Amino acid sequence: MPRTSHWKWMGLLALTLTPGLALAQASAPETHTVRKGDTLWDLARQYRGDPFLWPDIYRLNTSVVEDPHWIYPGEVLSLAGSDSVHAVPATDTPAPVPVAQAPASDSMSTDSVPAVPAPAPADVGTSVAAVQDAPADAPQKTLAQLTAVSAPESEDGSTGLFGVKRTKVLEESLRAYTNQPYRALRRSEFYSSGFLTENQSLPFGKVLGPVMPQQIRASSVNASALPYALVAIEAPRGAAYQIGDTLLVASLGTELGSQGNVVMPTGLAQIVDTVQGRYVGSIVATYGPIRLGQRVLPAEKFTPSGDRHAVAVSEGVHATFLGGPARQDLKTPQMVVFLDKGRADGVAPGDMFEIRRRAERLADGRQLINDVMATLQVVHVRDHTATARVLNVLSPDITPGADAFQVAKLPS
């Protein structure tokens, strides 16, 4: 069988086996209004024909979608540019030209090179740094061009039979994450990091359990609620919730010194209905196992920081390191920790602290110096305490009582 006939037969078979993909690419609208239950994974499957292409939709909507893991009903997402990926080539793949028959114009002589050469398609292994190191007079690619997911093209503009390689898709997905705009504060860290009760009586409600009938039968009464699952919620005595209210679901941890119990968030629930004085909540975010008997309370409002960067300060707030929500002798990056200074002391989300070792002479004669042990970023504040995330660790043996010094603040 001739080579061209063989490839035409293979292309026809691929189109026959994937009619939905061809139809989705031909009739995809320019926008999509998010409905309850939608995910970028499902939208990529519906409009791109491949769920692994969800970063393509996310990159087109970074002004609307803050976190690619969470999209909300009513958001209008742009779907433009869906023609950049083809699962099956539109034209037959030409037979390769033997090296001996290559035209003379393909040689590297300076007479045949245009004054401004067109950029060649990058290989899978080509890095962004390699593109940035190009000569100054070379055509510059935009960020969108560098991170766009597109099928590899041959010299005549046609794509390969099997379209874009999976390794290429994964590489572009990583670029999509590493090229995000800077944000000092992140919504997920604000809600998931927890805080201390400061010995106050907080308006805790209660999770009563899953709403029946369940679409998927749980194997245990202690099974965690899944995203978008419905749970019954009881408000505290004398309080009421409104449809649309967002509640923080949490469990109470052990006491931490004189600052009260640790509130450990497990998710967010949105009130969607009321039934005989009880409330029905839909799980819209999960940070841990959500189970029967856990507490709920109204979620605080998160204020984005924009693209502001922290500015160094001198003689900032001096705080004491209280420890973390669980016993862990060695501290690691992204670990949640608490400080004994809060809003009343001038501490605010986004502040940077350094934990420093106290200079002293040990009983065995060794001398400790006042060096930096770790750097923290405050993600949540209350009146007299602050919650922080560990950014980097130089000496992980940090014990409660260590000194923490404010070294930078976000401009107001």
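The values are calculated or read from the model by the stated rules, or taken from the named source; none is laboratory data. Owing to the predicted nature of the structure, the values given are computational and were not obtained by experimental measurement. Glycine also receives a Cβ, built like all others from the backbone with ideal geometry; neighbour counts cover every protein chain displayed.
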Enumeration of residues in the range 350-362 that are assigned to a loop (DSSP other than H, G, I, E, B) and either charged (D, E, K, R) or at pLDDT 95 or above (or both): ASP351, ARG357, ARG358
Test for PHE405: is it surrounded by 19 or more Cβ atoms within 10 Å (Cβ to Cβ) and within 20 Å of VAL311 (Cβ to Cβ): no
Selection within the range 257-278 - within 30 Å of the chain's Cα centre (by Cα) and either among the aromatic types (Phe, Trp, Tyr) or closer than 29 Å to ASP340 by Cα (or both): ASN261, VAL262, VAL263, MET264, PRO265, THR266, GLY267, LEU268
Looking at VAL372, is it among the hydrophobic types (A, V, I, L, M, F, W, C), under 19 Å from LEU196 (Cβ atoms) and either free of Cβ contacts under 8 Å to residues at least 60 places away in the same chain or not assigned by TED's automatic domain parsing to the domain that holds LEU196 (or both)? no
Report, by residue number, each residue of the range 319-335 that is under 16 Å from GLY260 (Cβ atoms) and not in a loop (DSSP other than H, G, I, E, B). THR320, LEU322, GLY323
For the range 348-371, which residues satisfy the criterion of being more than 42 Å from the chain's Cα centre (by Cα) and not acidic (Asp, Glu)? ARG361, LEU362, ALA363, GLY365, ARG366, GLN367
Of VAL317, VAL337, which residue is in contact with a helix residue (DSSP H, G or I) (Cβ under 6 Å, 6 or more places away or on another chain) and over 30 Å from THR62 (Cβ atoms)? VAL317
Regarding ASP345, is this residue modelled with pLDDT of 90 or more, more than 29 Å from the chain's Cα centre (by Cα) and not aromatic (Phe, Trp, Tyr)? yes
Among the residues listed as ALA312, ALA269, the single one being surrounded by 15 or more Cβ atoms within 10 Å (Cβ to Cβ) and small (Gly, Ala, Ser): ALA269
Against the condition farther than 24 Å from SER188 by Cβ and either within 21 Å of the chain's Cα centre (by Cα) or not aromatic (Phe, Trp, Tyr) (or both), how does ALA232 come out, does it pass? yes
Here is a list of conditions, (1) loosely packed, with under 12 Cβ neighbours inside 10 Å; (2) not assigned by TED's automatic domain parsing to the domain that holds GLY244, and GLN328 meets all of them except one; can you say which number that is? (1)
What's the total number of residues in the range 253-266 that are buried (at least 19 other Cβ atoms within 10 Å of the Cβ) and among the charged types (D, E, K, R)? 0
Check whether at least one residue in the range 343-366 is touching a residue at least 12 places away in the same chain (Cβ under 8 Å) and in contact with a Ser or Thr (Cβ under 6 Å, 6 or more places away or on another chain), and report yes or no. yes
Taking the options GLY277, GLY293, GLY350, GLY281, name whichever one is surrounded by 14 or more Cβ atoms within 10 Å (Cβ to Cβ) and either of a type in the set (Phe, Trp, Tyr) or on the phi > 0 side of the Ramachandran plot (or both). GLY350
